[in-house]
Amino acid sequence: MNFSWPSILLYTCCAGSLLAISGCDQLPGKPKESDRWIAPDAIKDFKQLFGTNCSACHGDDAAIGPSLSVQNPFYLAIVPKDVLKKLIAEGVKGTAMPGFAKANGGDLADEQIDILVNNLAGKAATQQTSGSGKTSSENLPPYSASPGDTDRGSEAYNQYCAGCHGQAGNGGKKAGSIVDPDYLHLVSDQYLRSIIIAGRPELGMPNYQEFVKNHPMSPEDIANVVAWLASHRHGASEANAAVSPTATVSSQ
Amino acid sequence: MMSTLRTVALWLERRLHLTKLWNQTAGHPVPASTGSWFYTFGSMTLTCFCIQILTGIFLAMSYVPSAAESYHSLELLNYSIPLGWVLRGIHYWGSTCMVIVMMLHMTQVFLWGAYKYPRELTWISGCILLFVTLGLAFSGQVMRFDTDAYWGVGIGASVAGRIPIIGEALVHILLGGPIIGSDALSRFFSLHVFILPGALLAFVSLHLRLVLGKGINEQPKPGVLVKRETYDKHYSEIIKREGVPFVPAAINKDIVANGILILVIVGLALFVGPNGPGTPADPTIQIADAKPDTPFLWLFACAALLPNGSEPWLFFVFPLVASLLLFLLPFITNEGEKHWRRRPVAVAIVILSYLGIGLLTYEAITGPWSPQMDAWSGLPIKAEYVKGRTPLELQGAVVFQDMQCRNCHAIAGEGGHRGPDLTQVATRMTNPQLVRQVIQGGGNMPAFGKNLSPEQTRALVAYLCSLHPPNVPPAREAVGVLKPIGETQPTPSPTPGNVAVRGEK
Amino acid sequence: MASDDPHEDSAHEMPKYDYSATRRDFMLKLGIGINAIAGALVGIPIIGFFVSSIVKANQPTWVSLGSIDQFPENATRMAVFLNPYRTQADGATANVPCWVKRENGENFTVFAINCAHLGCPVRWFEQSKLFLCPCHGGAYYEDGSRAAGPPPRGLFVYENKVEKGELNIKAGLLPTLANPA
């Protein structure tokens with residue numbers, strides 16, 4: 001071997017300075033533009049906004065939220081944009097949904113709420129064009145409706161819901177009690193209505209078209225069932241409050 | 001040609017007495033046995049310091065020590081000025097390595113008994129260097145004027161503010177004003193680039209002068225005791241027997257170790273990169289956490305882990321006693337055994353210190369006491385802890401998230417770790433116990449009674465009662481209906497959700 | 001080694017020095033005296049400059065947080081005011097946040113953002129009605145009293161008054177245990 005120390009040193013120095021001038025910027029230690037700090041108000045990425053503000057309760061692509069999934073195609077198809085915006089900005093009084101707008105003590109700028117709303121609405125639009133037409137908005141019941149008739153709601157309940165939630169609503173083999181006064185106290189009528197229409201497919205609850213095969217619930221049926229459920233709230237009907245609320249405890 | 005060079009060299013030698021200087025410094029005699037890997041940490045610390053000075057000087061060409069500008073100048077260094085990020089990286093990792101090799105150096109000196117007679121002052125000047133270096137590390141963190149720096153100074157001010165009588169004056173001196181701002185940054189800048197490096201240079205000189213003057217500690221042998229009356233003679237005999245000039249005879253391992261050290265520092269800078277700057281130092285930005293740099297994490301962990309009211313002990317009594325012990329060490333054990341094998345207490349101290357600092361640092365990195373501020377809105381619950389629940393339990397899970405329980409309590413390991421993980425809470429606590437805990441708090445948990453409606457409480461507890469593995473039943477009340485002895489039938493468990501809080505509200 | 005005198009080779013023999021010579025003695029003492037005065041003249045301004053931050057010791061003054069209308073009743077909101085003793089170089093650090101709790105009408109409580117433990121910024125959570133500290137997990141109730149964690153006391157409270165529809169607080173110092181706002 002014909003190495004001499006001076007020449008090794010020379011080559012190393014040359015290689016080193018070449019590396020320093022040309023190659024350094026490709027090294028993993030170089031701070032990336034994506035690592036640069038962004039002011040919380042300037043975050044415009046829908047995924048990030050949804051992930052940090054909504055996913056804990058409403059789930060995301062991977063996780064199931066304990067509350068209604070706002071990515072549910074039926075829900076997205078029926079909820080009007082301005083309502084969605086109001087829901088996010090102001091929350092729902094009396095329920096766990098907080099207001100996220102700064103004016104309501106939240107952390108989101110109005111612009112960021114618009115990004116959330118527009119992206120969710122955009123999702124609905126792509127689902128309608130690409131989907132099987134099941135969620136096409138002309139065929140769907142309206143997002144909101146005035147309360148229906150309690151007695152007819154009871155009948156409709158037996159027809160559509162009792163199979164899973166039990167005869168009196170106290171829970172059946174597949175699903176728990178839906179008339180628990182504590183549960184009903186914590187949710188709004190609109191929430192009940194949205195869930196009946198959109199279902200919780202991620203938890204095994206079908207949507208309003210699938211309760212009975214080839215026989216979707218009519219808008220009147222939905223309003224009536226909501227009215228019947230609401231009648232089980234505290235004060236609405238004392239008789240029902242004493243009924244044992246949990247027939248099936250979670251354990252699979 | 002050669003004769004001209006020779007003339008010039010001789011001329012310089014006559015005036016500068018270079019040979020003499022060389023023989024007294026680089027060529028000073030050391031025991032041959034000290035040419036050991038264990039004796040390389042001192043020179044490595046010095047190398048780190050040189051790297052810090054070099055990179056620091058060039059960083060100062062771009063850095064602006066003003067609260068309004070510093071963050072921007074760091075972003076320029078990171079993203080715009082060519083190789084600025086490399087310099088920042090080397091400076092950051094150089095600092096980290098300096099603290100680490102300094103610790104190793106100190107450990108070696110301690111275990112080898114090198115602080116004993118006649119090298120007491122060498123040890124004391126070394127202790128001063130330790131504190132100056134830690135001061136440089138802390139003030140350097142402040143230069144990276146981000147939230148960690150800002151609130152780090154805030155923590156410093158709060159600690160100072162706890163000192164009785166002079167507390168307020170100290171806060172004002174530290175901050176240079178009534179509030180953390182540019183004056184505070186400028187004070188730390190002065191400290192970081194003038195005062196502390198100046199002090200370090202001065203004390204390094206003293207340290208090296210002492211090393212040269214008193215000679216490097218020989219490799220201790222078990223059973224050879226240090227005695228004030230005989231040691232000097234003993235040492236000069238060692239030098240006479242096995243003395244070699246430090247350069248070139250004993251420096252080879254130092255050179256190798258230092259070369260590797262520099263490669264490691266530059267490698268870390270190139271492949272891991274500089275630290276931060278993170279979120280800018282704007283106090284109106286809500287932050288998720290604020291942590292000091294690595295050398296101070298263990299103290300930070302102490303502040304969280306020690307019981308309430310122990311802060312005066314942690315921040316004043318402990319540092320005072322610890323540094324006093326450190327400085328007085330050569331006078332506490334001035335003579336006697338040097339070899340670590342015959343000094344079990346010394347070995348135990350080293351092991352305990354390393355274990356303690358290591359564990360505390362680990363704790364601080366994982367930070368189990370810090371709530372996870374965004375968990376309540378940004379951390380979904382894993383599907384298996386949502387599926388198969390009743391509507392009430394699902395609503396309880398919503399309450400769980402909404403009431404920020406998740407910020408302190410993890411489910412399936414995800415979430416805050418301030419409080420216990422609740423993945424299997426139903427196997428430990430019964431429904432009434434959970435209700436009591438939620439409403440009254442206790443055991444370092446706030447009471448939620450005022451903020452939860454009876455319905456929310458019942459839903460929440462119903463959900464918590466559903467958190468148990470499928471094959472393990474939920475916990476039952478120990479005191480149920482008392483059965484006569486001999487009757488083996490177990491007490492039926494109360495139906496969760498039904499044994500509710502009606503009485504308590 | 002120890003006996004080595006670094007100046008050995010260049011040390012020249014000196015004649016015996018007479019320390020009692022009065023003229024030299026006087027000059028030496030005069031020199032020491034002059035330099036002591038000069039040293040004091042240089043040192044006093046330096047020390048004075050360094051400790052001026054204590055001596056001038058800004059006192060808290062009244063600062064406006066703006067109209068009371070921006071604070072809904074029975075709610076806690078963040079308000080930001082400019083440090084009254086700011087300088088141009090302060091940049092964003094001149095902004096000081098605080099938590100304003102409007103009980104009703106003109107009844108306010110204004111909490112410092114600094115945790116009473118080690119000064120980290122506490123964050124308000126509307127749902128659980130708790131202030132949580134990110135550093136060591138200190139928690140405070142809605143009224144600022146300590147709920148859990150290491151803080152030795154409740155949150156620091158700024159004195160406040162309402163004047164001409166504006167909420168004013170007495171602020172300007174970093175709240176610490178030595179100087180609880």
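Summary table
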| item | result |
| --- | --- |
| Selection within region B:257-281 - within 10 Å of another protein chain (Cβ to nearest Cβ) and either touching a Leu at 6+ places or on another chain (Cβ under 6 Å) or without any contact (Cβ under 8 Å) to a residue 24 or more places away in the chain (or both) | B:267, B:270, B:271, B:277 |
| Residue match in region A:51-63 (condition: part of a helix (DSSP H, G or I) and either assigned by TED's automatic domain parsing to the domain that holds residue A:219 or of a type in the set (D, E, K, R) (or both)) | no |
| Pick from region B:376-386, criterion part of a helix (DSSP H, G or I) and over 12 Å from residue A:57 (Cβ atoms), ranking: nearest to the other protein chains (Cβ to nearest Cβ) | B:383 |
| Within region B:49-79, considering residues that are among the hydroxyl-bearing types (Ser, Thr, Tyr) and in contact (Cβ under 8 Å) with a residue 12 or more places away in the chain, the one nearest to the other protein chains (Cβ to nearest Cβ) | B:66 |
| Qualifying residue in region C:148-163 (condition: at the interface with chain B (Cβ under 9 Å from one of its Cβ atoms), under 30 Å from residue B:64 (Cβ atoms), out of contact with any Lys or Arg (no Cβ under 7 Å at 6 or more places or on another chain) and not small (Gly, Ala, Ser)) | no |
| Condition check for residue B:86: within 27 Å of residue B:147 (Cα to Cα) and buried (at least 19 other Cβ atoms within 10 Å of the Cβ) | yes |
| Helices (runs of 4 or more DSSP H) enclosed by region B:1-105 - at least 1 residues per element that are farther than 21 Å from residue B:280 by Cα and assigned by TED's automatic domain parsing to the domain that holds residue B:236 | B:2-16, B:18-24, B:41-59 |
| Output for region C:48-77, where each listed residue is assigned to a helix (DSSP H, G or I) and not hydroxyl-bearing (Ser, Thr, Tyr) | C:48, C:49, C:50, C:51, C:54, C:55, C:68, C:69, C:70 |
| Exclusive hit being at the interface with chain A (Cβ under 8 Å from one of its Cβ atoms), not in a helix (DSSP H, G or I) and not hydroxyl-bearing (Ser, Thr, Tyr), set B:389, B:406, B:458 | B:389 |
| Hey, residue B:319 at negative phi and either of a type in the set (Gly, Ala, Ser) or touching a residue at least 24 places away in the same chain (Cβ under 8 Å) (or both) or not | no |
| Of all residues making up region B:177-197, the number that are more than 8 Å from chain C (Cβ to nearest Cβ), farther than 15 Å from residue B:66 by Cβ and among the hydrophobic types (A, V, I, L, M, F, W, C) | 4 |
| Region C:67-87, residues that are polar (S, T, N, Q) and in contact with a helix residue (DSSP H, G or I) (Cβ under 8 Å, 6 or more places away or on another chain) | C:83, C:87 |
| Residue within region C:36-52 that is within 14 Å of chain B (Cβ to nearest Cβ), in contact with a Gly (Cβ under 6 Å, 6 or more places away or on another chain) and modelled with pLDDT of 85 or more present | no |
| Candidate set: region B:206-221, residues that are in contact (Cβ under 8 Å) with a residue 40 or more places away in the chain, among the hydrophobic types (A, V, I, L, M, F, W, C) and over 12 Å from residue B:38 (Cβ atoms); chosen: the one farthest from the other protein chains (Cβ to nearest Cβ) | B:206 |
| Restricting region C:129-147 to residues that are part of a loop (DSSP other than H, G, I, E, B) and either among the hydroxyl-bearing types (Ser, Thr, Tyr) or touching a residue at least 60 places away in the same chain (Cβ under 8 Å) (or both), the residue that is nearest to the other protein chains (Cβ to nearest Cβ) | C:142 |
| Filter pass, residue B:357 being touching a residue at least 12 places away in the same chain (Cβ under 8 Å), among the hydrophobic types (A, V, I, L, M, F, W, C) and not in a loop (DSSP other than H, G, I, E, B) | yes |
| Candidate set from region B:412-437 (those that are of a type in the set (Val, Ile, Thr) and more than 21 Å from residue B:368 (Cβ to Cβ)); member that is surrounded by the fewest Cβ atoms within 10 Å (Cβ to Cβ) | B:427 |
| In region C:84-124, the residues that are in contact with a Phe, Trp or Tyr (Cβ under 9 Å, 6 or more places away or on another chain), surrounded by fewer than 20 Cβ atoms within 10 Å (Cβ to Cβ) and of a type in the set (S, T, N, Q) | C:95, C:109 |
| Looking only at region B:299-338, and only at residues there that are in contact with a Leu (Cβ under 7 Å, 6 or more places away or on another chain) and within 14 Å of chain C (Cβ to nearest Cβ), the one that is surrounded by the most Cβ atoms within 10 Å (Cβ to Cβ) | B:301 |
| Test result for residue B:297, assigned by TED's automatic domain parsing to the domain that holds residue B:151 and either within 22 Å of the chain's Cα centre (by Cα) or basic (Lys, Arg) (or both) | yes |
| Index of the failed condition, residue A:204 passing every other in (1) more than 16 Å from residue B:395 (Cα to Cα); (2) over 15 Å from the mean Cα position of the chain (by Cα); (3) more than 14 Å from chain B (Cβ to nearest Cβ); (4) not polar (S, T, N, Q) | (3) |
| Yes/no for residue B:211 being surrounded by fewer than 22 Cβ atoms within 10 Å (Cβ to Cβ) and part of a helix (DSSP H, G or I) | yes |
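The values are calculated or read from the model by the stated rules, or taken from the named source; none is laboratory data. The structure displayed is predicted, hence computed values, not measured ones. A quick note on method: Cβ atoms are made from the backbone with ideal geometry, for glycine too, and the neighbour counts reach across all protein chains shown.
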